[in-house]
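So the structure is just underneath, and the comments pick up after that.
The values are calculated or read from the model by the stated rules, or taken from the named source; none is laboratory data. A quick note: this is a predicted structure, and the numbers were derived from the prediction, not measured. Counting neighbours? That spans all protein chains shown, and the Cβs are built from the backbone with ideal geometry, glycine included. Note: accessible area is taken over every heavy atom of the protein model, side chains too, but ligands, DNA and RNA are not part of it. Shrake-Rupley method; radii C 1.70, N 1.55, O 1.52, S 1.80 Å.
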Amino acid sequence: MIELKGRKIYKGFAKGKALVSSEPISFYGGVDPETGIVKEENHPLEGKKITDKILVFPKGKGSTVGSYILYWMASIGTAPAAIINQETETIVAVGAIIGEIPCVDKIDISKIKNGDILEVDASNGAVRIYNE
Amino acid sequence: MELTVEEKEMLEGKQGRAVQKAMEILVTLGEIYNANKMVKVRSVQISGVSYANLGSPGLDFLRKLSEDGKVRVLTTLNPAGMDLEEWEKLGIPKDFAEKQLEVIDAFKAMGIITTATCTPYLVGNVPHYGDHVAWAESSAVAFANSVIGARTNREGGPSALAAALTGRTPMYGLHLEENRVPEVTVNFEGKLRNIFEFGVLGKAIAEKTKGKIVYIRGIEKASVDELKSFGASLATYAGIGIYHMENITPEAIKYEPPKNNLYLSQDDINSQLDSLRDENVEEIDFVTIGCPHASLEEIIKIADMLQGKKVTKEFWITTSRPIKTIADKVGLTKIIEEAGAKIAADTCCVVAPIKGRFKAMATNSAKACYYAKARNNFKVRIMSFEETVMEALK
């Protein structure tokens with residue numbers, strides 16, 4: 001087990017499989033809130049479902065309406081189980097708070113690989129990686 | 001981040017759930033951007049009002065906050081997706097209208113003044129020099145910071161609402177003197193002949209300075225309408241919230257022009273005009289003035305030009321409810337409507353659900369051109385105020 005220490009953006013605890021994007025994500029326009037599938041063309045996660053995953057990406061981008069999209073997904077059960085960022089910005093921070101999605105930033109996300117089993121202890125700003 | 005006793009109570013939920021959620025947002029943003037405290041705000045302007053942008057989750061969120069949330073300072077709204085009284089006149093579908101009115105009701109329940117306009121500074125939400133405010137709406141942010149000398153960051157919908165519910169915003173960014181300093185001097189060597197060219201200049205500067213704070217020299221005089229148009233365009237194309245204009249904006253006098261110089265001429269204006277005039281526009285079927293919302297002076301001018309004439313195209317003049325009310329009272333609305341044009345209050349061509357309804361738009365606004373292309377796939381032709389009115393009559 002490896003533990004990475006970061007900063008709490010929104011509290012909570014989650015365990016699940018990592019889905020890692022090397023590119024920023026725009027939730028408004030870039031993700032279908034009904035299905036949880038990334039639809040931005042040529043995005044590294046295009047076609048991937050983010051629901052219940054530990055979603056790992058550098059930061060958010062695009063319209064501030066994206067915060068409401070995260071809230072929407074959380075309210076219908078299509079949101080990620082937790083969010084890990086290099087640097088969280090306003091859109092994702094506000095989305096995580098209003099959608100009550102555990103969120104941690106200031107994590108070296110290059111240490112996390114797709115499919116890693118992660119434990120996100122957001123209240124303590126900690127991410128634990130369990131590889132076999 | 002250092003919080004007062006009252007702010008801590010807010011964060012702990014002692015002042016209700018809506019206030020707690022609001023404080024969580026503000027404290028988190030404060031920590032992300034290294035604020036060391038909160039600052040009290042004089043007023044708030046909220047974006048994210050059109051149902052076209054909020055959708056049912058946004059409405060749901062607002063309803064929950066309105067259960068126990070009340071604003072603590074003067075708070076106004078951005079344009080909605082329709083005229084809140086005469087939406088049928090604009091051809092807005094009934095199901096959209098019902099949802100839009102529910103959004104407005106949720107805001108009203110929180111004590112928000114539901115004047116839906118991007119020009120709050122023309123209708124009663126007017127900060128003074130040095131006031132801290134929390135405003136969303138990029139063009140109003142540019143106006144407040146630059147023309148008035150008030151201080152606000154570029155807020156989004158939820159962060160502005162959070163400021164309204166607590167009366168506070170985290171002290172970072174443009175609230176601090178050191179982040180308002182110009183970085184590049186723009187020397188304009190041409191002559192602006194018309195209001196709309198201020199908007200075009202805004203786009204030209206935006207593209208050359210890429211988000212830097214500019215100190216502009218070479219503009220002799222500028223009216224409120226001209227600065228409204230300029231700031232809207234600069235904010236849309238550069239994403240910045242403040243500029244300084246020598247001898248025109250109040251904080252310019254504090255600074256020496258930055259040593260990093262950029263020169264713009266009439267040629268730059270002309271090439272920008274080309275970029276805002278699409279080729280192969282066969283027929284303009286939509287004409288609009290009022291982005292940002294038309295002032296009383298602009299409405300008087302339009303009424304003068306339309307008196308006794310008939311328009312041949314769909315022509316929207318978008319403005320705020322208070323300005324429309326004055327136009328109603330003094331007979332301007334009657335003149336405009338008898339000519340077949342429409343004064344639409346509370347909304348604008350950027351946020352109304354009009355995708356697919358029109359093919360090509362004529363306007364005097366560089367900002368409207370951007371959104372007409374990006375959101376609605378319209379072809380655009382920018383022209384002067386007078387030419388735009390003439391286009392509707394042609």
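Bridgeable aspartates and glutamates around A:Lys39 (alpha carbons under 16 Å apart, same-chain partners fewer than 8 residues away excluded): A:Glu23.
Sequence-distant contacts, meaning Cα pairs under 8 Å at least 6 residues apart, place the relative contact order of the range A:2-130 at 38 percent. If you count Lys pairs in the range B:181-275 whose Cα atoms are under 15 Å apart, skipping same-chain pairs closer than 8 places in sequence, the total is 4. When the charge dipole of the protein assembly as shown is built from unit charges on Cβ atoms (+1 for Lys and Arg, -1 for Asp and Glu) and taken about the Cα centre, the candidate among B:Val200, A:Ile83, B:Met110 whose Cα reaches farthest toward its positive end is A:Ile83. Across the accessible surface of chain A, with the other protein chains kept in place and a 1.4 Å probe, carbon and sulfur atoms take up 50 percent. By the rule of a C-alpha distance below 18 Å, with chain neighbours fewer than 8 residues away ignored, the lysines paired with B:Lys94 are B:Lys355.
Ratio of the range B:286-393's C-alpha Rg to 2.2 N^0.38 Å, to two decimals?
Working: Rg = 12.8 Å, N = 108, 2.2 N^0.38 = 13.0 Å.
Output field value: 0.98.
Scanning residues 5 or more positions from A:Ile9 or on other chains, those with amide H under 5 Å from its amide H are A:Cys103, A:Val104, A:Asp105, with H placed 1.01 Å from N in the peptide plane. Spatially, the range B:238-279 and the range B:321-394 are offset by 26 Å when compared through their Cα centroids. Look at the alpha carbon pairs under 8 Å that are at least 6 residues apart: their mean separation over the length of chain B gives a relative contact order of 17 percent. Per residue, the accessible area of the protein assembly as shown comes to 40 Å² when a 1.4 Å probe rolls over the protein heavy atoms. Label-to-label distance, B:Glu207 versus B:Glu86, with points set 7 angstrom from Cα along the beta-carbon direction: 3.7 nm.
Computed over all pairs of different Cα atoms, the Kirkwood value for the hydrodynamic radius of chain A is 14.0 Å. Judged by the mean number of other Cβ atoms found within 10 Å, the most tightly packed of the peptides B:177-188, B:255-266 leads the ranking B:177-188, B:255-266. Over chain B, dividing the summed -39,500 (n - 2.57) contributions of all DSSP H runs of at least 4 residues by the number of residues returns a 222 nm mean residue ellipticity of -12000 deg cm²/dmol.
If the Kirkwood radius is taken over C-alpha pairs of the range B:181-275, then at 10 °C and 1.306 mPa s the Stokes-Einstein diffusion coefficient equals 123 µm²/s.
Burial here means at least 20 square angstrom less accessible surface with every protein chain in place than with the chain by itself, probed at 1.4 Å; in the range B:151-196 the buried residues are B:Gly156, B:Pro158. The C-alpha atoms of the protein assembly as shown occupy a region whose extents along the principal axes are 79, 56, 48 Å, arranged from largest to smallest. Under the convention that each Lys and Arg Cβ holds +1 and each Asp and Glu Cβ holds -1, the size of the dipole of the range B:286-393 around its Cα centre is about 520 debye. Candidates B:Val281, A:Asn114, B:Met383 compared by Cα position along the dipole of the protein assembly as shown: farthest toward the positive end lies A:Asn114, with charges placed on Cβ. Note on the range B:1-128: dipole from Cβ charges, positive end direction compared against B:Asn78, B:Leu3, B:Gly48; the farthest Cα belongs to B:Leu3.
If you take the accessible area of B alone, add that of A alone, and subtract the area of the pair, what total do you get in Å², probe 1.4 Å, to the nearest 100? Walk me through the numbers on the way to the answer.
Numbers: alone 16310 and 6360 Å², together 20930 Å².
Interface area, both chains combined: 1700 Å², rounded to the nearest 100.
Around the amide H of B:Ile216, modelled in the peptide plane, lie the amide H atoms of B:Val186, B:His244, B:Met245, B:Glu246, all under 5 Å away and 5 or more residues distant in sequence or on another chain.
For the range A:1-29 versus the range B:1-48, the inter-centroid distance based on Cα atoms is 24 Å.
A straight chain from B:Glu67 to B:Asn377 at 0.36 nm per residue would run longer than the Cα-Cα distance by 107.7 nm. With 30 Å as the limit, write out which pairs from B:Lys21/B:Lys342; B:Lys89/B:Lys329; B:Lys70/B:Lys324; A:Lys48/A:Lys106 have Cα-Cα distances beyond it, or answer none. Those over the limit are B:Lys21/B:Lys342. Sort out for me the Cα centre separation of the range A:112-132 from the range B:122-150, rounded to whole Å. Measuring centre to centre over Cα atoms gives 44 Å.
The HN-Hα couplings worked out from phi for the range B:214-230 by the Karplus form 6.51 cos²θ - 1.76 cosθ + 1.60 (θ = phi - 60°) are 9, 10, 9, 10, x, 9, 6, 9, 8, 8, 4, 5, 5, 5, 4, 5, 4 Hz, whole numbers, x standing for Gly and Pro.
Label positions at B:Asn270 and B:Thr312, each projected 7 Å from the Cα along the C-beta direction, are separated by 3.0 nm.
In a simple Cβ point-charge model (Lys, Arg +1; Asp, Glu -1; nothing else charged), the protein assembly as shown has a dipole of about 420 debye relative to its Cα centre.
The simple Förster model, with R0 at 41 Å and r as the Cβ-Cβ distance, assigns B:Lys94 and A:Asn131 a FRET efficiency of 0.15.
For the range B:286-393, what % of the accessible area comes from carbon and sulfur atoms, probe 1.4 Å? That fraction is 53 percent.
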